[in-house]
Amino acid sequence: MVAIPTAAGAVDHADLGATLMHEHVFIRSPGVFEAWPELWNREAEVDHAVERLRELKAAGIDTIVDLTTIDLGRDAAMVAEVARRVDLNVVMCTGVWRQPPNLFQRLESDDIADLFARDIERGIEGSGVRAGVIKLATQPTVDAVNEKMLRAGARAHRRTGVPISTHSDVTTESGLAQQDVFESEGVDLSRVVIGHSGDSADTDYLRRIMDRGSLIGMDRFGIDRTLDTEGRVATIAALCGMGYAEGMVLSHDANCFMDTLPRETRRETMPNWHYLHISRDVLPALRARGVTEGQIEAMLTGNPRRFFARSGPY
Ligand SMILES: [Zn+2]
């Protein structure tokens, strides 16, 4: 048994079940809602998130990975409040997204790795919730600041054994550049998910990432403007046909609350971008294209379980 930390306590890796590998609960401008709490109704948003996650559990999903970092307004205590009220696991993260704190420009990779390791070993802020994954983001390309973040994450990963999940940009094929940096830090690439790979329909690019050992995140279902559901489904089905079901994980990159995008606007502009799209629409579409139950099981359950089970520093 490997104990995986979640917002409501540790869970045996064998009990993670069907897992959406890249979601969010609350995405907020850092610090703003603490400074001006009247900007939202915190209690109502917690209740709303509880409803969404209960609904998701009823649709057959057991675990989500919340890749909300400090620069996306992460609040582990608030997610824990939600997680304690639902029968669904929420794995929290450390690391950074695309707007690392200004302070990180001055710190070295090792100093930043210490901070990430603190979230993993001692818990995030005062919440007692330990991070179960390290998030790192590259867009559009790996520049000097971004490289420092990737190295910091790689070092925190090797020190703690907690795996890495990234935000990459398919337009620059930055997943491969991320792998280069991780490799130069001695990271076992099978301990890494190269996220947002599903924005690409280029099976050559995607296979190059998987051939180096990493999982790819087919993780933005419902964000149709980059690639619609049919395109995302067709790409996965093609890769399954080539024997790559063991290399993919699924998700939406959706959320319960996002301060920059009111729910009404989202419903109008991106009607499929919600937690239930995969369960309701994507899995039937994959089956219709000949993807087998075994392959779906691998992408939804087996691959995430294997990813989290391989713990231990090296
Ligand atoms: Zn995300």
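Extension gain, E246-L261: 0.36 nm per intervening residue step, less the Cα-Cα distance, totals 2.0 nm. Take the chain, connect every pair of alpha-carbon atoms lying under 10 Å apart with a spring to form a Gaussian network, then pick out the residue of W40, W97, W273 with the largest mean-square fluctuation. Answer for the Gaussian network model of the chain: W40. Taking a ≥ b ≥ c as the square roots of the eigenvalues of the alpha carbon gyration tensor, the chain is rounded, as a/c is under 1.5. Rolling a 1.4 Å probe over the protein heavy atoms leaves S197 with an accessible area of roughly 0 Å².
What is the projected area of the convex hull of the Cα atoms of segment 172-262, averaged over all directions, in nm²? One quarter of the hull surface, i.e. the mean projection, equals 6.7 nm².
In segment 130-220, the ratio of gyration radius to Kirkwood radius, Rg to Rh, stands at 0.93 when only Cα atoms are counted.
Cα centroid distance between segment 1-61 and segment 198-266, in Å? For segment 1-61 versus segment 198-266, the Cα centre distance is 21 Å. Seen from every direction in turn and averaged, the convex hull around the alpha carbons of segment 9-50 projects onto 4.5 nm². The value of relative contact order for the chain, using C-alpha pairs under 8 Å at least six residues apart, is 20 percent. Applied to segment 218-226, the Karplus parametrisation 6.51 cos²θ - 1.76 cosθ + 1.60 on θ = phi - 60° returns per-residue 3J(HN,Hα) values of 9, 10, 10, 4, x, 8, 6, 5, 8 Hz, with x for Gly and Pro. Based on the Stokes-Einstein relation at 4 °C and a viscosity of 1.567 mPa s, and on the Kirkwood radius from alpha carbon pairs, segment 83-166 is assigned a translational diffusion coefficient of 99 µm²/s. Taking label points 7 Å from Cα along the Cα-to-Cβ direction, V32 and D15 give a separation of 3.8 nm. Counting only DSSP H runs of at least 4 residues, each contributing -39500 (n - 2.57), and dividing by the residue count of the chain, the helix-based mean residue ellipticity at 222 nm comes to -11000 deg cm²/dmol. For a modelled paramagnetic label at D202, 7 Å from Cα along Cα-to-Cβ, the residues of segment 153-189 in reach, with backbone nitrogen under 11 Å, are 170-176. Only Lys, Arg, Asp and Glu carry charge here, each on its Cβ (+1 for the first two, -1 for the last two); on that basis the chain has a dipole of about 440 debye about its Cα centre. Per-residue 3J(HN,Hα) values for segment 25-39, derived from phi via the Karplus relation 6.51 cos²θ - 1.76 cosθ + 1.60 with θ = phi - 60°, read 9, 10, 10, 9, 5, x, x, 5, 6, 6, 6, 10, x, 5, 5 Hz in sequence order (x marks Gly and Pro).
The values are calculated or read from the model by the stated rules, or taken from the named source; none is laboratory data. Bear in mind the structure is a predicted one, so any value in this text is a computation, not a measurement. All Cβ positions, even for glycine, are placed from backbone atoms using ideal geometry, and neighbour counts span all protein chains on display. Heavy atoms of the whole protein, side chains included, go into the accessibility calculation; ligands, DNA and RNA do not. Shrake-Rupley method; radii C 1.70, N 1.55, O 1.52, S 1.80 Å.
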